[in-house]
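These notes are about the structure you will find just below.
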Amino acid sequence: MKIAFVGKGGSGKTTLSSLFIRHLTANEAPVIAVDADINQHLGAALGLDEAQAAALPAMGAHLPLIKDYLRGNNPRIASAEAMIKTTPPGEGSRLLRVREDNPVYEACARPLQLDDGEIRLMATGPFTESDLGVACYHSKVGAVELCLNHLVDGPDEYVVVDMTAGSDSFASGMFTRFDMTFLVAEPTCKGVSVYRQYKEYARDFGVSLKVVGNKVQGQDDLDFLREEVGDDLLVTVGHSDWVRRMEKGRPSRFELLEADNRCALQTLQDAAEDSYERRDWERYMQQMVHFHLRNAESWGNAKTGVDLAAQVDPAFVLSEELAVPQPS
């Protein structure tokens with residue numbers, strides 16, 4: 001299942017996404033972690049030092065390889081150059097699976113050993129000096145969106161994406177790619193403002209959204225969040241000595257995380273599993289096609305010089321059965 005963590009800058013979404021990844025790994029779930037925030041902090045939150053985090057390959061730098069692999073022998077896509085970030089899979093496309101080896105993972109993912117097991121870590125890549133003034137953030141995350149469009153996953157597999165701060169992800173259709181979106185909110189007016197934006201934007205797309213209250217220090221904070229977000233408040237997290245040690249670069253073993261916070265993380269996993277059970281694969285494909293056609297009309301056709309609507313395979317629908325690794 002695909003999980004997104006969103007929230008305003010400084011809300012703690014990267015810290016909570018890293019804790020959730022550690023929790024899943026402790027529960028022996030296979031995990032692909034993706035840092036899709038322009039401020040690349042997920043690697044550090046998972047224990048990488050500055051040099052190791054900087055050495056992670058940037059998915060955006062491997063976009064030609066990603067497109068060429070995913071295109072496969074799909075007859076509707078004449079060339080990798082004709083693909084854009086929203087191009088949907090069709091008959092002949094290559095798909096990505098959580099538990100497999102493929103050229104995309106070889107180029108863009110790195111194994112990372114945590115206390116309780118190993119994950120794959122991927123990163124969209126930071127802004128570089130050459131990007132300043134000529135590129136936007138969304139051009140950097142196009143590789144992430146394309147991979148999510150072609151990724152099939154099962155109920156016991158996790159793809160956890162640390163998204164950009166604020167509501168920027170609504171500039172593309174990527175916000176519809178997730179079974180559950182956890183919005184991390186502090187008990188402040190600014191903390192819940194992003195929640196209101198997300199709730200409004202996601203209303204017409206059936207996005208499963210739950211709020212995780214962070215930095216909650218007492219009953220007044222809890223009451224405030226309940227008043228502001230209502231039933232969307234799933235769980236709250238308070239101060240953590242374990243997290244403070246982690247942020248100082250001296251983390252304890254994950255099993256020593258406070259019991260209340262371990263319970264909160266299990267609540268997140270339970271909510272994600274419940275949401276996956278309601279996944280509608282046909283609607284999932286319809287939304288993918290919807291945003292592809294919108295992007296094709298607004299800029300894609302002009303950029304590629306082809307009619308990108310022709311890339312849509314009306315008979316193709318992703319399914320859980322396709323998540324099983326195929327023989328080479």
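The values are calculated or read from the model by the stated rules, or taken from the named source; none is laboratory data. Given the structure is predicted, the values throughout are model-derived calculations rather than measurements. A quick note on method: Cβ atoms are made from the backbone with ideal geometry, for glycine too, and the neighbour counts reach across all protein chains shown.
Miscellaneous remarks
- The set of residues from region 293-314 being of a type outside the set (Val, Ile, Thr), part of a loop (DSSP other than H, G, I, E, B) and farther than 30 Å from PRO30 by Cβ comprises GLY305, ASP307, PRO314.
- Residue in region 278-294 that is among the acidic types (Asp, Glu), within 30 Å of ALA78 (Cβ to Cβ) and under 23 Å from the mean Cα position of the chain (by Cα) present: yes
- Single unsatisfied condition, ARG22 versus (1) farther than 24 Å from GLU145 by Cβ; (2) modelled with pLDDT of 90 or more; (3) surrounded by fewer than 24 Cβ atoms within 10 Å (Cβ to Cβ): (3)
- Some residue of region 95-104 being part of a helix (DSSP H, G or I) and touching a residue at least 12 places away in the same chain (Cβ under 8 Å): yes
Yes/no matrix, rows are residues, columns are (1) within 16 Å of MET122 (Cα to Cα); (2) in a loop (DSSP other than H, G, I, E, B); (3) at pLDDT 90 or above; (4) in contact with a Cys (Cβ under 7 Å, 6 or more places away or on another chain):
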{"site": "ALA4", "(1), (2), (3), (4)": "yes, no, yes, no"}
{"site": "LYS8", "(1), (2), (3), (4)": "no, yes, no, no"}
{"site": "GLN40", "(1), (2), (3), (4)": "yes, yes, no, no"}
{"site": "ALA51", "(1), (2), (3), (4)": "yes, no, yes, no"}
{"site": "LEU56", "(1), (2), (3), (4)": "yes, yes, yes, no"}
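- Residue that is farthest from GLY300 (Cα to Cα), among those in region 84-111 that are surrounded by 21 or more Cβ atoms within 10 Å (Cβ to Cβ) and in contact with a Leu (Cβ under 7 Å, 6 or more places away or on another chain): ALA109
- Any chance ILE3 is among the β-branched types (Val, Ile, Thr), buried (at least 20 other Cβ atoms within 10 Å of the Cβ) and over 15 Å from the mean Cα position of the chain (by Cα): no
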